[in-house]
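Presented below is the structure to which this report refers.
What follows is calculated from the coordinates using simple rules that are stated; it is not laboratory data. Please read these numbers as outputs of a predicted model, since none were measured by experiment. Neighbour counts are summed over all protein chains in view; Cβ atoms, including those assigned to glycine, are modelled from backbone coordinates with ideal geometry.
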Amino acid sequence: MAKIDAFFKLMNEQGASDLHLVSGSQPILRIRGDMERVKYKQFENDELKAMLYEIAPEEKVKTFEETGDVDFGYEIPGLARYRANFFQQKYGVGAVFREIPSEILTAEQLGLPPVITKLALLPKGLVLVTGPTGSGKSTTLAAIVDYANKNRKDHIITVEDPIEFVHKSQGCIVNHREVGSHTKSFSAALRGALREDPDIILVGEMRDLETIALAIEAAATGHLVFGTLHTTSAAKTVDRVIEVFPANQQDQIRSTLADGIKAVIAQTLFKRIDKKGRCAALEILICTAAVRNLIREGKTFQIPSTIQTGKKYGMQSLDDAIMQYLQKGQIDPDEAYNKCIDKSKFLPFLKKSPGDFTDV
């Protein structure tokens, strides 16, 4: 057993989402969104480096020594998988580990709206799950892919950096590919995927123009493509995808995207105050003919009002989702105010002035 495994077991026992190990500091756990120190000595650089190198593949250590950053996956059988990031900082080496549960929670267990599972059964198109870092995008996508795996008879390819949730082939054949280990880049894996007879492609992160262009192309050529972006709302997601392209290509991409996009889920996590745990507030945009016309005509600023009038299709705004949690007494009014879009709706719930004075 690796020496660091004791910290992973503690992390699991405490229900922490992240473990921070940094030279010159005690270990720190992120529990329900808050950073909490572990009663342990401060790490010396050489001691921590030896502990980290014990679990890192040789090629990842080499990359880290050359670049000062590296990502990879680590697994403790029977406990969990971990997404690891090593980095160099002022006082030496540092690392952050995100726990990825070995059990994939279903959409029902996560409390996701019924329309989310319907997306897993689409024959083709592009579905984007967006939100800030640590907002639960991977967990939501894992639930969607799990539903497809159980209810379809198709070929699923996932491309991630690193591999997070591991799906065992059930109704579908599932192949996991890791950037750096199994393929050079997201774009290289996507180019290859188009020749590997896939029905569903999961792109862990759409981080550059080439990857986004290939994902849109794959959706347009009859594949169901799931991807993630770091945007905070459905309208901003559509804008971000289009704005990645040069100005002279944007009209064409707007039209291609309008034809292929099926849904955008923008989510953010909240700490529950009624019991232990966290909950996800989702903005859901279902791309009906009206929404596609707005995208094609460059009128994405009208998407929020379309969401309000599209509830019969399963659409909901982020503020409506947050308000439901707030009215049930499940989340804190201050956190609701900080993460909502229309601040004026949530101002009456605050007992004191907002923490962010720039919003006033």
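Is it possible to state the helix-based mean residue ellipticity at 222 nm for the chain, with each DSSP H run of 4+ residues giving -39500 (n - 2.57), the sum divided by total residues, to the nearest 500 deg cm²/dmol? What is it?
On the way: 15 runs with 131 residues, N = 360.
Counting only the DSSP helices, I get -10000 deg cm²/dmol.
Stretch LYS39-THR106 to full length: gain in nm at 0.36 nm per residue minus the Cα-Cα span? Walk me through the numbers before you get to the answer.
Values: separation 67, 0.36 × 67 = 24.12 nm, distance 3.51 nm.
Here the segment from LYS39 to THR106 would lengthen by 20.6 nm.
Tally Lys/Arg at +1 and Asp/Glu at -1 over every other residue whose Cβ is under 10 Å from the Cβ of LEU318; what's the total?
On the way: positive: LYS339; negative: GLU283, ASP319, ASP320, ASP342.
Taking every Cβ under 10 Å from that of LEU318, the sum is -3.
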Among GLU283, GLU178, GLU335, residue whose mean-square fluctuation peaks in a GNM of the chain (springs only between Cα atoms under 10 Å): GLU335
Extension gain from ASN175 to ALA50, taking 0.36 nm per residue of separation minus the Cα-Cα distance: 41.7 nm
Cα centroid separation - the range 291-360 against the range 14-34, whole Å: 31 Å
DSSP H segments from the chain that extend 18 Å or more along their own axis, Cα-based, with Kyte-Doolittle mean of -1.0 or above: 137-151
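Given the pairs LYS90/LYS339; LYS275/LYS328; LYS62/LYS184; LYS328/LYS352; LYS41/LYS137, which are separated by over 24 angstrom at their Cα positions? Working shown, then result.
Details: LYS90/LYS339 32 Å; LYS275/LYS328 12 Å; LYS62/LYS184 16 Å; LYS328/LYS352 20 Å; LYS41/LYS137 34 Å.
Pairs exceeding the cut-off: LYS90/LYS339; LYS41/LYS137.
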C-alpha center-to-center spacing [the range 165-204, the range 49-91] in angstrom: 23 Å
Projected-area average for the range 97-176 over all orientations - Cα convex hull basis, square nanometres: 5.5 nm²
Column: log10 I(q)/I(0), Debye, Cα scatterers of the chain, q = 0.06, 0.14 Å⁻¹: -0.24, -1.28
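Kindly state, to the nearest 0.05, the FRET efficiency for ASP197 paired with PHE349, given R0 = 41 Å and r defined as their beta-carbon distance. All intermediate terms of the calculation are to be shown ahead of the outcome.
On the way: r = 52 Å, r/R0 = 1.27.
Computed FRET efficiency for ASP197 and PHE349 comes out at 0.20.
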Label-to-label distance, nm, for residues given as SER255 and LEU209 (7 Å Cα→Cβ offset): 2.0 nm
Point-to-point label distance, ALA290-ASN248, nm (Cα→Cβ direction, 7 Å offset): 3.8 nm
The range 5-101: translational diffusion in µm²/s, Stokes-Einstein, Kirkwood Rh over Cα pairs, 25 °C, 0.890 mPa s: 181 µm²/s
Candidates GLN109, GLN330, GLN302, ranked by Gaussian network fluctuation over the chain, Cα under 10 Å, top entry: GLN109
Highest to lowest packing among 67-76, 143-152, scored as the average C-beta count within 10 Å: 143-152, 67-76
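For an R0 of 22 angstrom, estimate the FRET efficiency from the Cβ-Cβ distance between ARG278 and ASN85 and round to the nearest 0.05.
Working: r = 21 Å, r/R0 = 0.97.
Computed FRET efficiency for ARG278 and ASN85: 0.55.
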